Amino acid sequence: MKTVVITGASSGIGLETARLLARLGYNVLGIGRSEANCNKAKELILSENTNAKVEYFLADLMQQREVNRVSEKINAYLNERCNGELHALINNAGCVRSWYMTTYEGYEQQFALNHLAGFLLTYKLLPALKKAQGRVIMTGSDSHKGIKVHWNDVMLRHRYNPLTAYKQSKLCNLLFAKGLNDRFASDGIRAYVVDPGLVNTDIGNKDTGFLVNLIWKIRKKHGVSPDVPAKTYAYLCEVKDVPDGLYFYLCKEKNYSKEVTKENADRLFELSERLCDIQYGKVGMT
Amino acid sequence: MNVMITGAAGGLGRAMANECASRGYNLFLTDINEDGLTCLKQGLERQFSVTVTTMACDLTNTESVDKMLDVIDKHGIRFDMLLNVAGMDYEGEFMGHEREKLVKIVLLNNAATLRITHAIIKRRRPGKKFTIVFVSSLASMFPMPLKATYAASKRFLLDFATSLRQELKRQDVNVLTLCPGGMVTTPGAINGIKAQGFWGDATTNPLEGVVRNTIDRALSGKRLYVPGMLNRILSFLGKIIPSTWVAKVIYWRWKEVSHNGSAS
Ligand SMILES: NC(=O)c1ccc[n+]([C@@H]2O[C@H](COP(=O)([O-])OP(=O)(O)OC[C@H]3O[C@@H](n4cnc5c(N)ncnc54)[C@H](OP(=O)(O)O)[C@@H]3O)[C@@H](O)[C@H]2O)c1
């Protein structure tokens, strides 16, 4: 049985992906921040198939100490019951913030959750991913196009704008995936980014102000149901001949921003390692 | 430049700390939340090459403050700037709260702020300019039913700061009072803003801009900073409209908002 870890698996795209993968026979380990939503999600999955293998872990992934804590729990679980193997990690948890807000470390929240959380969690789970020659899948978005990383002010302390912060964090997802492939493809690990398209979820209505709320309420009506993008994750988990591409929409490769270069990926790696106080080159040495 | 920030682990304190660190200032951060200070220190040191010292302290407790001052003196730390950020509020009717909770607002917002201000002015770097910021609030401009204690405690800071500024003017000290409207510093703040609908967005000041302007203005000798045009208009109205009328309007408005807030 293959094991998959999905962050933000308590609602929206993450939940539908968890449902689908559970149906396909995966051992699903979901991460969410709300106990109530996690319990509901688990019940839903079990109600469809009482034999489904599903477990939820609670963590506010925006906070690095929480990522560290939950990854220890998951590693222990994997070692105990899964032979230390992880076949796929889906870094999907994400948020939108109307205003500049910070985590306990003082990092801007969209950057912290949409990018850094996945960067740190992947690092923590890398030994298990290596062992299973696993895949790392990020939830990206086409909104990553038409923007550059604000290298001199990634936290956007000068002129914060919700859309800029969101777009930049989604560009970071692609840069991170590219950086992972450059470093670990030789170990059998592959990283991908899924473009879910416009999806009818509540992401823009959680912890946002009046304007963002209003815009998203109107916009999400045009979105597809979250079980549509879920198929692309399942495809990337299942497909036997490892695809070479990086960015996928409806199970097909798609072109991405010219900003996704080795130079930018390396730069993001270096910055993120510093912000998380880790070194990918030294995985497994601690 | 050495800067002391109180209430550093909260939303506004973290933003202030980031702003100061990005300018290359060394920081002495204090807060009652020790874990928060540890995380913030890590975050700042990973981003900026500045020295960050932290010490958890309950500013309402004399012993706790004395202990912190001992550490400061032992290391011979002297300051160029003090940012008084620590403060608290419990919203709602005066009689709806426990007695000691209400008293605590004044103990922290006023008594503790005086304590730390006195102590840190004494520990200013000799022969150098010194800058103090008090974080008051737009609420200091009006009597505010349902935020009565808080608003009055912030008025105390505003008036106190103006007087202190005059006393210390010849000693190369500037005192600035910051009177922001709503700022999104806590997850809870978002719900409050949401409950006000359009007006919530309109009166909300962007945190990152407020902290940058606050430091700029404090360093250039300004007295008062009310961020945002709308808030400046409101504070002006607060001066010309009779305070009993203001109290009435505010009471009905907040009643409605808290009603909406609990309904949603
Ligand atoms: N919807 C779209 O049109 C669209 C388009 C492109 C990309 N995306 C991306 O898709 C991903 C999923 O979004 P969605 O649309 O499915 O939104 P969603 O329904 O709000 O799902 C977000 C998930 O992340 C969880 N989460 C939020 N903050 C968290 C935190 N601090 N720690 C841990 N978990 C947290 C949420 O938990 P709760 O259940 O507790 O809220 C939820 O499970 C995001 O990365 C988003 O950027 C969405």
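The values are calculated or read from the model by the stated rules, or taken from the named source; none is laboratory data. These figures come from a predicted structure and were not determined experimentally. Virtual Cβ from ideal backbone geometry, glycine too; neighbours counted across all protein chains shown. Please note that ligands, DNA and RNA were not included when accessible areas were found on the heavy atoms of the full protein model with its side chains. Shrake-Rupley method; radii C 1.70, N 1.55, O 1.52, S 1.80 Å.
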Report, to the nearest 10°, how far helix B:229-240 tilts away from the longest principal axis of the Cα atoms in chain B, using its own Cα long axis and a range of 0 to 90°.
70 degrees
Consider just the alpha-carbon atoms of region A:3-282 and return their Rg together with their Dmax, both in angstrom.
17.3, 52
Once you wrap a convex hull around the alpha carbon atoms of the protein assembly as shown, what is its projected area averaged over all directions, in nm²?
27.2 nm²
Burial-style ranking of A:35-42, B:177-184, average other-beta-carbon count within 10 Å with highest first, yields B:177-184, A:35-42
Using a basic spin-label model with each label point 7 Å from the Cα along Cα→Cβ, how many nm lie between B:Val71 and B:Leu237?
4.5 nm
To the nearest 10 degrees, the tilt of helix B:34-47 (Cα long axis) against the first principal axis of the alpha carbons of chain B is 70 degrees
For region A:211-286, what mean projected area does the convex hull of the alpha carbons give, in nm²?
8.9 nm²
Please compute the average number of Cβ atoms from other chains found within 10 Å of each residue's Cβ in peptide A:139-146.
0
Per residue, the convex hull volume that the Cα atoms of region A:30-141 enclose (Å³):
117 Å³
Between chains A and B, total accessible area buried, probe 1.4 Å, no ligands or nucleic acids, nearest 100 Å², roughly 2400 Å²
Extension reserve of the B:Lys129-B:Glu63 stretch, reckoned as 0.36 nm per residue once the Cα distance is removed:
20.8 nm
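Taking each residue of A:106-112 in turn, how many C-beta atoms of other protein chains fall within 10 Å of its C-beta, and what is the average?
Neighbouring Cβ atoms belonging to other protein chains average 4 per residue here.
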How tilted is helix B:207-219 with respect to the longest principal axis of chain B? Cα atoms for both, answer in degrees (0 to 90, nearest 10).
60 degrees
Viscosity 1.306 mPa s, temperature 10 °C: what is the translational diffusion coefficient of chain B from Stokes-Einstein with a Kirkwood Rh over Cα pairs, rounded to a whole number of µm²/s?
83 µm²/s
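Just to confirm a number: summing +1 for Lys and Arg and -1 for Asp and Glu over residues other than B:Thr214 whose beta-carbon lies under 10 angstrom from that of B:Thr214, what do you get?
Spelling it out: positives minus negatives among the neighbours equals +1.
Within 10 Å of each Cβ in B:204-213, how many Cβ atoms from other chains are there, averaged over the peptide?
Working: counts 4, 1, 6, 6, 12, 5, 1, 2, 2, 0.
What the average comes to for B:204-213 is 4.
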Tell me, what are the semi-axes, in whole angstrom and largest first, of the equivalent ellipsoid of region B:180-264 as set by the roots of 5 times the Cα gyration tensor eigenvalues?
25, 19, 8
Does anything in region A:199-224 have its amide N under 18 Å from the 7 Å Cα→Cβ label point of A:Leu163, and if so which residues?
A:199, A:203-205, A:208-223
Relative contact order %, chain B, counting alpha carbon pairs below 8 Å whose residues are six or more apart
17 percent
